[in-house]
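Presented below is the structure to which this report refers.
The values are calculated or read from the model by the stated rules, or taken from the named source; none is laboratory data. Quick caveat: nothing in here was measured; it's all calculated off a predicted structure. Using ideal geometry, Cβ is built from the backbone for each residue, glycine included, and neighbour counts are taken over all protein chains shown. SASA here: full protein model, heavy atoms, side chains in, ligands and nucleic acids out. Shrake-Rupley method; radii C 1.70, N 1.55, O 1.52, S 1.80 Å.
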Amino acid sequence: MKTRFAPSPTGFLHIGGLRTALYAYLFARQNKGGFILRIEDTDQKRYTEGATENLIRTLDWFGLHYDEGPYLENGGLKEKGDFGPYFQSHRTEIYKKYSDELVAQGHAYPCFCSEERLEKMRMQQAANKQAPMYDRHCLFLSPDEVKQRIERGDLYVIRQRIQEDPPRIVFEDTVRGNMEFDPKTIDDQVLIKSDGFPTYHLANVVDDHMMGITHVIRGEEWLPSTPKHIALYQALGWEPPTFAHIPLLLNPDKTKLSKRQGDVAAEDYIQKGYLREAIINFIAFLGWNPGTEEEFFSMNDLVEKFSISRVQKAGAIFNIEKLEWFNGHYIRQKTPAELAQLILPRLQTKWFHESEYGQITEESVDNPDEKTKYFLKAVEVIQTRMKTLEEAPDMLKFFLEDEVPFDEALLMREKMKVDKGVAITAFTKLIETMEGMSEEDIKDEEKQKEILMQMIQDAGLKNGQVLWPMRVALTGAEYSPGSFEVAAALGKEKSLRRLQAYLDKLS
Ligand code: GLU
């Protein structure tokens with residue numbers, strides 16, 4: 001058996017396309033079948049430079065490897081597989097051959113109708129509350145007239161002739177069950193455009209047949225086209241593949257997933273710092289579930305447990321919080337070193353390079369010196385709180401910079417009940433106590449806490465009156481991990497230096 005992913009190269013991989021690719025990939029792999037990538041680029045108006053290369057890189061990033069189709073080698077496009085070319089724009093001769101065959105057998109006909117005539121027809125149909133449909137004007141032209149007009153150079157398209165017999169077009173959809181359509185409601189679809197290029201419908205059917213596709217897995221938006229495709233398979237005398245139309249993706253308000261309500265490009269999610277494992281796990285659940293409480297599925301688990309017959313009919317709601325939740329889970333599954341490797345490419349900022357940690361690289365993480373060990377400790381602290389990799393640089397900043405900003409307003413925030421006098425006392429006491437502590441005691445969060453809490457009690461201060469100034473001086477930030485955790489990560493020397501800097505600026 002064989003499945004395919006057949007995107008139109010529009011410039012980015014739609015998140016729905018990613019799900020289609022994933023389901024087709026999983027189904028192929030679990031059945032030990034083939035999986036191919038075919039580029040449906042017959043719409044010349046929508047051609048986008050570099051779109052195919054981008055698609056290939058994105059599929060590769062997600063680990064959706066295919067057996068046949070275009071791939072990149074040294075930045076150039078190559079093709080692998082015995083059924084190519086895999087770009088529809090390179091297959092126009094093949095489509096022409098089958099379109100001629102369809103015309104010869106009365107399953108298709110040339111149509112010379114102008115855009116104006118078609119527009120008028122549609123308006124009339126709308127006024128009569130009829131569904132828009134080609135009125136078959138050109139089906140009834142005499143063969144002589146057709147010949148003459150073609151010779152004269154009139155522009156024409158080739159339309160499919162939907163037959164009224166058999167009176168029902170039927171097929172079994174793996175997701176939606178038995179599907180039946182009345183041929184009278186099916187439009188005579190254009191198969192070849194006036195520029196000689198095929199439409200999606202003809203190219204898709206010819207290619208699926210010639211490339212040996214046994215199972216077509218695609219979005220529900222293609223369901224209305226399927227009877228046309230079935231009619232084409234019948235007209236060409238070919239066995240149609242099995243179809244599975246997977247549910248639409250919806251916004252939380254149940255409208256069709258759209259750019260307006262969030263990102264629809266898979267690349268945007270990569271950019272924002274969602275991990276591959278999280279996106280795949282999340283996407284797999286958009287229309288499928290294992291029927292158990294289990295939620296975490298690696299690609300291998302999915303190959304084993306995904307089941308096309310458990311795919312739901314109802315639209316699948318794209319819930320970004322759920323994706324964040326998966327992402328948090330997979331971030332916390334990493335070792336600090338693994339996570340550091342993912343964060344480093346995002347730390348290529350001026351402040352990082354100017355900091356004393358600016359020299360840390362992927363290699364030093366593999367073989368950490370003292371500075372890298374400190375960096376890994378900081379990563380470990382933020383790891384428990386991060387939702388996306390994108391947040392990491394900001395969250396790491398105060399750990400890595402030489403000095404944190406002096407923010408008096410934050411320090412003496414009304415609700416914290418800290419005035420200048422209290423702050424000076426707090427810093428003095430903290431410095432005094434911490435100077436007497438060993439490095440180990442400070443790095444041991446529990447031990448540090450015990451000692452500092454004792455000091456607060458002895459000084460007759462409220463917890464917040466000490467811990468808030470401590471946190472502000474150590475991080476310079478409004479939101480940060482707790483004081484003890486931060487001090488433990490910073491260590492004795494850095495903590496004291498930062499407390500002293502605040503004290504100096506206050507006195
Ligand atoms: N080229 C179509 C798309 O962009 C493929 C639809 C199908 O899988 O048949 O989605």
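For Lys256, work out the one condition from (1) among the charged types (D, E, K, R); (2) within 30 Å of Leu26 (Cβ to Cβ); (3) surrounded by 14 or more Cβ atoms within 10 Å (Cβ to Cβ) it doesn't fulfil.
(3)
So which residues in region 388-407 are over 12 Å from Leu490 (Cβ atoms) and buried (at least 16 other Cβ atoms within 10 Å of the Cβ)?
Thr388, Leu389, Glu391, Ala392, Pro393, Met395, Leu396, Lys397, Asp407
At least 3 residues that are touching a residue at least 24 places away in the same chain (Cβ under 8 Å) and open to solvent by 30 Å² or more (accessible area, probe 1.4 Å) in each: list the helices (runs of 4 or more DSSP H) lying fully within region 440-506 that qualify. Step through it out loud before you land on a result.
Details: elements: 445-459, 463-475, 483-506.
Output list reads 445-459, 483-506.
Somewhere in region 246-267, is a residue within 12 Å of the ligand (Cβ to nearest atom), within 23 Å of Gln163 (Cβ to Cβ) and in contact (Cβ under 8 Å) with a residue 40 or more places away in the chain?
So far as region 246-267 goes, no, none of its residues is within 12 Å of the ligand (Cβ to nearest atom), within 23 Å of Gln163 (Cβ to Cβ) and in contact (Cβ under 8 Å) with a residue 40 or more places away in the chain.
Mind listing just one residue for me: the one in region 214-238 that is within 14 Å of the ligand (Cβ to nearest atom) and among the aliphatic types (A, V, I, L, M) and, of those, surrounded by the fewest Cβ atoms within 10 Å (Cβ to Cβ)?
In this case the residue turns out to be Leu223.
Do we find a residue being in contact with a helix residue (DSSP H, G or I) (Cβ under 8 Å, 6 or more places away or on another chain) and away from the ligand (no atom under 15 Å from the Cβ) anywhere in region 41-62?
yes
Hey, could you check region 7-19 for residues that are near the ligand (Cβ under 8 Å from one of its atoms) and open to solvent by less than 20 Å² (accessible area, probe 1.4 Å) and say which is farthest from Tyr274 (Cα to Cα)?
Pro7
Tell me whether region 246-257 contains one or more residues that are modelled with pLDDT of 95 or more and within 30 Å of Thr92 (Cα to Cα).
Yes, that holds for at least one residue.
Could you give every pair whose Cβ atoms fall below 9 Å, whose first residue belongs to region 309-329 and is at negative phi, and whose second residue is open to solvent by 60 Å² or more (accessible area, probe 1.4 Å) and of a type in the set (Lys, Arg), counting only separations of at least 6 or pairs across chains?
These pairs meet every condition: Gly315/Lys254; Gly315/Lys256; Ile317/Lys254; Glu324/Lys387; Trp325/Lys387; Asn327/Lys387; Gly328/Arg385; Gly328/Lys387.
Output the residues belonging to region 288-330 that are over 30 Å from Thr242 (Cα atoms), touching a Gly at 6+ places or on another chain (Cβ under 9 Å) and at pLDDT 95 or above.
Listed by number, the list holds a single entry, Asn327.
Return the pairs, sorted by first residue and then second, in which the second residue is near the ligand (Cβ under 10 Å from one of its atoms) and basic (Lys, Arg), the first residue lies in region 198-214 and is at pLDDT 95 or above, the beta carbons are less than 8 Å apart, and the residues are 6+ apart or on different chains.
From residues that are at pLDDT 95 or above, the pairs are Asp207/Arg38; Asp208/Arg4; Met211/Arg4; Met211/Arg38; Ile213/Arg4.
In region 171-200, which residues are of a type in the set (A, V, I, L, M), touching a Pro at 6+ places or on another chain (Cβ under 7 Å) and within 16 Å of the ligand (Cβ to nearest atom)?
Result: Leu191, single match.
Kindly evaluate Lys96 against the criterion of being open to solvent by 10 Å² or more (accessible area, probe 1.4 Å), within 30 Å of Arg136 (Cα to Cα) and out of contact with any Asp or Glu (no Cβ under 6 Å at 6 or more places or on another chain). Lay out the reasoning, then the answer.
Numbers: open to solvent by 10 Å² or more (accessible area, probe 1.4 Å): yes; within 30 Å of Arg136 (Cα to Cα): yes; out of contact with any Asp or Glu (no Cβ under 6 Å at 6 or more places or on another chain): yes.
Judged against the criteria, Lys96 is a match.
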